[in-house]
Amino acid sequence: MTAAAANRSAVDFFATYAANEGALVERLPEGAVIVLPESLQAAHRLPESLGLTEDPEVAREEGYVLLAPGHHLLRAAAESVLQQGDTGHCHLPFPPGPALSPAVLQAHARERVHADHGRVDIHSQPSAFYLTAVRVGAMLTFRLSIDEELQELADCWMLADGSELPPDLVKRLSSSTVEPGPAPGASAWAGEGVAAADSRIRDQAAERASELAAQRSKRLVAQLAVVDDYYEGMLASIDQRSASATEDRRGMLAAQADATRVEWERRRAEVTDEMMPVATVDPFRLHVFGVPAWRARAVVKRGSRAYPLDLVWVPLVSSFLTPACPSCGSRTTLVAGKSGLGCRNCTRPEATPEPVVSSVAPLDVVASPPLASSTIRPSSEAQQGRARPAPATEAAADEAPARRPVAKRPSGRATPKGSSGRVTPKGGAASSPVKMGDRLVRLIWESVLDDAPIKRNQLVPWSPMAALVRLYGSVGPALVVGMLDTEEPRRFVSETTAFPATGIAETIGWLETSRGRELRFVCEWRLDSGRLQSIGPWNLRLVGPVLLAGYGEVARARYADLLVAPPFSLAPLEPAARLLLRQSSEWLGLGFASRCLAAWWYVLEGPPAEDREDNVQAGNVLAAAVEAVVARRTGIRVTTKAAAERYGCALTAARAEITRVQALVKHAPAAGW
């Protein structure tokens, strides 16, 4: 790796400093000596090595260089690393001594490599080879406003097949002394793993930008409210003058009002552009590591059947890598089936294996207070089918696509004897909102995993969550947050905030799927009863205005995978209801659509309320009114004219229907539509 390999400590330190300007994150030990690259020595006429310290007394008395934020040498070094890059090959020498015997490797394999319904056997001697690992580093620059930027350092370690390295192996490689140059006897590297690492880093940048946008959304909404109040006042003043003006002056005032509206939109776009985080990814590091490893030829036996399997033993961490699925290449738990060996997805009945471009090893989600971390128990071999929508009537079944049969769990979870099925612990949810929030989140994701829809007594009546279960059964929460059909929930991290004034608690968190993706969710539930009210990928009150603002195209591109047409629902729906489901999903996501359908069913089927008419008819006018009312109650600005145009109905009819729907849902039990 030329000079970069020998001076990895210098390169890492300078790059970290550049990524955190003004705050040294990685601090060298007192009196440490750092080796400088040749380019810096020549440019600044410096010796080959320097003694660095953060103590001014040591710097003055011992002649060490005082290491402080803003030092010109550090700035120059960081700029040099980022401009020239840090690339090359390196490898670790093989450890001395013979390889482990097949018997010892077999004992380790049976302890650490698990294949459901199978047993791992190793009978042949392992062969030595070099495992190729790729380290890709990039500078992430987030433009928070016109004059404010944030820089962070992203590092990604990948194997040649596109899967991430285990954390313990990454830690050992980061601290090991390597030798420059390609590994002896290794084949020429052809760029494997770089595309997967680049995709992973860009996903991290997008997630970080979303976090920054959420942090600044309250400030953005406040700034937009100031702008709106100002221009609304101007338009109101023009309307007042126009009412008492002469005919020839009204034309001038109308033109002035049009110009004010154009300026209003321009100013809103300007404010949002100033506060919208934009991420830029600048790769600067590419290290190709040759890691010593032993390949052991093994077999997984199930009765008289034996399936071949290659296992890779890494002496650096004294452990096996998680073996890849022979069919799709994903590094998940293997299953020794009756017809072959594969992952749970590939061995599912009537499943067609899908190629996996980049699979991520399971992450250990470690949460610090007040976050709560939990692992969702894995399903058995018989429980591999994804949850499906609720059963449909004969009329709806005619238009539904063919469905794959789902294998049921041989023996369900037994309810403790004498249990009443209570969801809320004795004393009410308010006594421990944090524990109750974690319990309800676990209930949601275990229902997805078990293909068991959430029971009605665990849902707020006529709530968005009840509508979601009615539409899609147990798979509803997974669809809302963007989980794929080939994924299952694995772990989640959550944090609960209670709002006693409204009687609602909000639990936010991240869900890790079986393919290593992390999906954000926001769940609302009632404090008094502990019943679920709604779930979505974001807080609509914060993200909704952002998606519909002047720069909404940028935000919508970021969440494009969530703003799509909804999957087909087997629940019986009228044409106007299906139109409402599709329009609202493409507008603000399936979480918003579930709120709209909850209001729709409450208006048509809910209990009698004040000013309710028994002859309320479903149609496009009602769909437009429901969407407008739900949007306004969620804090999203929408005009009656825009709602009428979206659903192709008359403006006067939409205005009258909105007034009627507002009166009907005014006292609805599921506040928050």
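So the values come out like this:
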{"item": "Restricting region 477-502 to residues that are of a type in the set (Asp, Glu) and touching a residue at least 40 places away in the same chain (Cβ under 8 Å), the residue that is farthest from Arg531 (Cα to Cα)", "result": "Asp485"}
{"item": "When residues of region 511-534 are limited to those that are outside any strand (DSSP E or B) and within 18 Å of the chain's Cα centre (by Cα), the one surrounded by the most Cβ atoms within 10 Å (Cβ to Cβ)", "result": "Ser514"}
{"item": "Residue in region 440-456 that is without any contact (Cβ under 8 Å) to a residue 12 or more places away in the chain and either closer than 24 Å to Ala599 by Cβ or in a helix (DSSP H, G or I) (or both) present", "result": "yes"}
{"item": "Some residue of region 497-505 being under 29 Å from Ala206 (Cβ atoms), within 13 Å of the chain's Cα centre (by Cα), β-branched (Val, Ile, Thr) and outside any loop (DSSP other than H, G, I, E, B)", "result": "no"}
{"item": "Any hit, region 557-564, residues being in contact with a Pro (Cβ under 9 Å, 6 or more places away or on another chain), over 28 Å from Ala642 (Cβ atoms), touching a residue at least 40 places away in the same chain (Cβ under 8 Å) and buried (at least 20 other Cβ atoms within 10 Å of the Cβ)", "result": "no"}
{"item": "Single residue of region 142-166 satisfying the filter (modelled with pLDDT of 85 or more and either outside any strand (DSSP E or B) or more than 23 Å from the chain's Cα centre (by Cα) (or both)) that is farthest from Val288 (Cα to Cα)", "result": "Pro166"}
{"item": "Region 518-540, residues that are within 13 Å of Gly589 (Cα to Cα) and either out of contact with any strand residue (DSSP E or B) (no Cβ under 7 Å at 6 or more places or on another chain) or at pLDDT below 85 (or both)", "result": "Leu540"}
{"item": "Restricting region 580-610 to residues that are aromatic (Phe, Trp, Tyr) and either at pLDDT 90 or above or in contact with a Leu (Cβ under 8 Å, 6 or more places away or on another chain) (or both), the residue that is farthest from Pro566 (Cα to Cα)", "result": "Tyr602"}
{"item": "Leading residue by the ranking (surrounded by the fewest Cβ atoms within 10 Å (Cβ to Cβ)) among those in region 72-99 that are at pLDDT 80 or above and among the hydrophobic types (A, V, I, L, M, F, W, C)", "result": "Phe94"}
{"item": "Given (1) in contact (Cβ under 8 Å) with a residue 24 or more places away in the chain; (2) loosely packed, with under 14 Cβ neighbours inside 10 Å; (3) β-branched (Val, Ile, Thr), number of the condition Val136 does not satisfy", "result": "(2)"}
{"item": "Condition met for Arg200 (more than 27 Å from Pro95 (Cβ to Cβ), in contact with a Cys (Cβ under 8 Å, 6 or more places away or on another chain) and at pLDDT 80 or above)", "result": "yes"}
{"item": "Test: Ser569 is under 21 Å from Glu627 (Cβ atoms) and modelled with pLDDT of 90 or more", "result": "no"}
{"item": "Which listed residue is part of a strand (DSSP E or B), surrounded by fewer than 16 Cβ atoms within 10 Å (Cβ to Cβ) and of a type in the set (A, V, I, L, M), from Ala128, Ala103", "result": "Ala128"}
{"item": "Residue check for Pro567: assigned to a loop (DSSP other than H, G, I, E, B), more than 30 Å from Ser494 (Cα to Cα) and out of contact with any Ser or Thr (no Cβ under 9 Å at 6 or more places or on another chain)", "result": "no"}
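The values are calculated or read from the model by the stated rules, or taken from the named source; none is laboratory data. Remember, predicted model here, so these are calculated numbers, not experimental data. Note: ideal-geometry Cβ built from the backbone for every residue, glycine included; neighbour counts use all protein chains shown.
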